[in-house]
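Student: One structure follows; several queries about it will come next.
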């Protein structure tokens, strides 16, 4: 296994120069990431940084205004979402989005609509989530949030994807449930599945991912294996404040406040003012002061 | 006894209305759009049957063998082209396009087939009947239409709950985007749902043509509103509600007609408005109105 | 118009008609362009000429103009309802028929039909209230088709009333003028209703409510989520359209002089409103005006055969709705940047407010 995705010659999933607009608002600016086969990558970033937009664009729900998405070398930028599932990309959407009037089993069967073959039969999914087999006749709307999340993962697995996209698995779930859901990821990774997950809970993401990408206002501000990143770096990339010198390596764990005097805090230099739409330029910077807190 | 008879005749008529309503209900359930050309399409089916009978001399009763598949195919093609193009623009556009379609169909029928009243001639079957006691007479045709309606609803129910296509239709109706993410081409599923709806519309049009006289305006002046009223009275998302709605509408009309011949249609519409005020989600469904 | 929709918020706090300085950017926000000023002047001249028309032409010409204005009133009302409030109705013939029958009823009790117009209009608006209560919970297709049912119910009830002629119809009494004078009076009354209707819609859209309406038009869910009182705004618009269609029905009754339920409550009225609005350009004041002109020309050329007229109109409307949803006016205003009834705001970079007339649209 390679330690960093960037060193791999042929990534399974490759996003190059991706820009996405929601109406007049640009959600992603020239985003490039590469995920080698069999690795777990995590996207982190604040609310509205563009993480979900990135996953949804990879899944085909948004059409990019520039850039490309490639799967195993094949350009899939123009494919519809359902064709991408057939090509091997499955997304577990934010908020789970099960079919509420269908039973658990029917949800899984719909997930297998693309008829891709692989090890994830309905039975295999029942083996992964032990409780599910007994309750397969139950309507999805009657499940708890954590159970729904498991079914949503199962539904995506039923498509036997080569790349699994997971959007905010922890959203709205109790920590103990989140831990249980995340405990299944190593099993998936061990089966050779490539995973790109979006997570607001940075420590959770760092724990499971071999590689982390941080998004800030639609741009990648940091990328690398968790071990090589300092807390200050991550914090700077996450919040849009930069430490006086990148990679000073003070070794503070993620989540601790940056040991920064007034001089070390500056507006994110990675946001060139010229690329901000002219009509809203001055207002935008004034609206969003650099000092953000969770 | 005449009132009992009115109720029984109303139940029979309700089968016909349920047949009209289930296609409208299915399309609304899956695509969230009301097809305002629904009634006119039923009339097109009746006119096609008229043509089939004239050319092939098969009994009108058997014309469905040709007309229903033709209509299902027409439904699929129309959905994948015109209706999908309007859906891409939004719900309002789709309403306007189906309304335009309704006007075009009605006037085209009038232009090419004249405004004269027609009927599908089924010989003596239209008047054959049996009696229960001295007051109640049941026409075989009316009973047959009710049986067909129940059979169609049963078949549709079974198809939706048990087949792979039915499951995909329900999934798309629940959440179109999530269905796409599961590898379903929702446009194709829309096409299938519309094909089924058109098949039932064709059946309903044929039944109506055998039941009574029709002309190019029947689709808008009567059938569309009856179908819609049956759907609302019965409640959305329930095929059995649709049957119940159709039957309630039929009974209201027949009982109204007992009171005064001119009150037949008005009685049904007042029942619709009362249900709308008291129980807008219909009598069987707990779902919210779209 | 929608392209500058966002900027309307910025200027919303300022007095709407005064050019306001953008606080940060040093831009100029204006309500209108020169083209609107000229359009206003042209409108005054046009109304004056139109008002003088009965002295210049024969009554068959004014008769055609009466039809034209009726269509214009109805289409403008439907456009307000669907194009701004997002409510598609296929049952507004209900208010036309009611307006017509209210005039008949008032005339039966000795009122001059012309005096009856405002009263019949108000009465139709009053009926609009319970109708709105009934349909306000419904959306999209449900709303559209329930309105149709209501129109049908209104007709069926009137058919039951023998003193109103039942299903066979009734003549409008109280028209004692000479034919020439009657034609002129009818023309003036219809022109007055049309001018009031369009001026009223223009005033409504330029008022504070206009912003809310534009927001609903562009994104109903969004307008709701930012706390817009969508419901009360929609109710107001619905009642305005009930009034407008009631007035149109009132002048229709005077124009026809003999009212039949199936004609007064004909869904064809709504079909015309819809097709005119779509073809002219939905969601603009100018659209229905352009649409009515196009429609009227088509009617005069194709009316020899009524069915072909409807087939062509329906097909054109379908094509426009799908492939050119902004209609004729949308294409024209996009190409030339003209706006005759400015209800939005324009944002100019500082110092760049153009002095040319009919300036090309430079999207801010």
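Student: In what sequence do C:307, C:190 fall when counting other Cβ within 10 Å, fewest first?
Tutor: Ascending Cβ contact count within 10 Å gives the list C:307, C:190.
Student: Taking only C-alpha pairs under 8 Å that are 6+ residues apart, what is the relative contact order of the stretch C:101-225 in percent?
Tutor: Relative contact order of the stretch C:101-225: 23 percent.
Student: Let me ask something else. How do C:74, C:65 rank when sorted from fewest to most other Cβ atoms within 10 Å of their own Cβ?
Tutor: Lowest to highest Cβ neighbour count: C:65, C:74.
Student: Spin-label point model (7 Å from Cα, Cβ direction): what's the residue B:140 to residue C:298 distance in nm?
Tutor: Each label point is offset 7 Å from its Cα along the Cβ direction, giving 5.0 nm.
Student: Based on the mean of other Cβ atoms within 10 Å per residue, sort peptides B:104-115, B:124-135, A:136-147 so the most packed one is first.
Tutor: B:104-115, A:136-147, B:124-135
Student: Could you compute the FRET efficiency for residue B:259 and residue B:57, with r as their C-beta to C-beta distance and R0 at 51 Å, rounded to 0.05?
Tutor: Taking R0 as 51 Å, the efficiency between residue B:259 and residue B:57 is 0.75.
Student: What FRET efficiency comes out for the pair residue A:133/residue A:24, r = Cβ-Cβ distance, R0 = 51 Å, nearest 0.05?
Tutor: 0.55
Student: What average count of beta carbons from other chains do you get within 10 Å of the Cβ of residues in C:261-273?
Tutor: 1
Student: Take peptide C:142-151, look around each residue's Cβ out to 10 angstrom, count Cβ atoms belonging to other protein chains, and average those counts.
Tutor: Counting Cβ atoms of other protein chains within 10 Å of each residue's Cβ and averaging gives 6.
Student: So, one more: Just to be sure I understand: of the beta bridges DSSP finds with both ends in the stretch A:102-244, what percent are antiparallel, rounded to 5?
Tutor: The answer is about 55 percent antiparallel.
Student: Next question. What does the structure give for B:260-270 when I average, per residue, the other chain Cβ atoms found within 10 Å of the residue Cβ?
Tutor: Per residue, the average neighbour count from other chains is 3.
Student: Angle, helix B:224-234 long axis vs. longest principal axis of chain B, Cα atoms, 0 to 90°, nearest 10?
Tutor: Helix B:224-234 and the main axis of chain B meet at about 80 degrees.
Student: On to the next question. For chain B, modelled as a GNM with alpha-carbon contacts under 10 angstrom, which of B:38, B:260, B:188 fluctuates the most?
Tutor: Comparing B:38, B:260, B:188 in a Gaussian network model of chain B, the most mobile one is B:260.
Student: Let me ask something additional. Express the relative contact order of the stretch B:200-250 as a whole percentage, based on alpha carbon pairs under 8 Å and six or more residues apart in sequence.
Tutor: 25
Student: Would you mind calculating the gained length between residue C:44 and residue C:58 on full extension (0.36 nm times residue separation, minus the Cα-Cα distance), in nm to one decimal?
Tutor: Between residue C:44 and residue C:58, full extension yields an extra 2.7 nm.
Student: Something else now. Pairs of alpha-carbon atoms within less than 8 angstrom and 6+ residues apart define the contacts here; what relative contact order does the stretch C:37-265 have, in percent?
Tutor: For the stretch C:37-265, the relative contact order is 40 percent.
Student: So, one more: Per Stokes-Einstein, at 4 °C and 1.567 mPa s, what whole-number D in µm² s⁻¹ belongs to the stretch C:37-265, with the Kirkwood radius over Cα pairs as the hydrodynamic radius?
Tutor: My calculation gives 71 µm²/s for D.
Student: Also: Among B:54, C:284, rank each residue by its count of other Cβ atoms within 10 Å, from fewest to most, as a rough exposure measure.
Tutor: The most exposed by this proxy come first: B:54, C:284.
Student: What whole-number distance in Å separates the alpha-carbon centres of the stretch C:32-98 and the stretch B:112-187?
Tutor: Between the Cα centre of the stretch C:32-98 and that of the stretch B:112-187, the gap is 46 Å.
Only the coordinates and a few stated rules stand behind these numbers; no lab work does. Being a predicted model, the structure only gives us computed values, none of them experimental. Cβ: placed from backbone, ideal geometry, glycine included. Neighbour counts: every protein chain shown.
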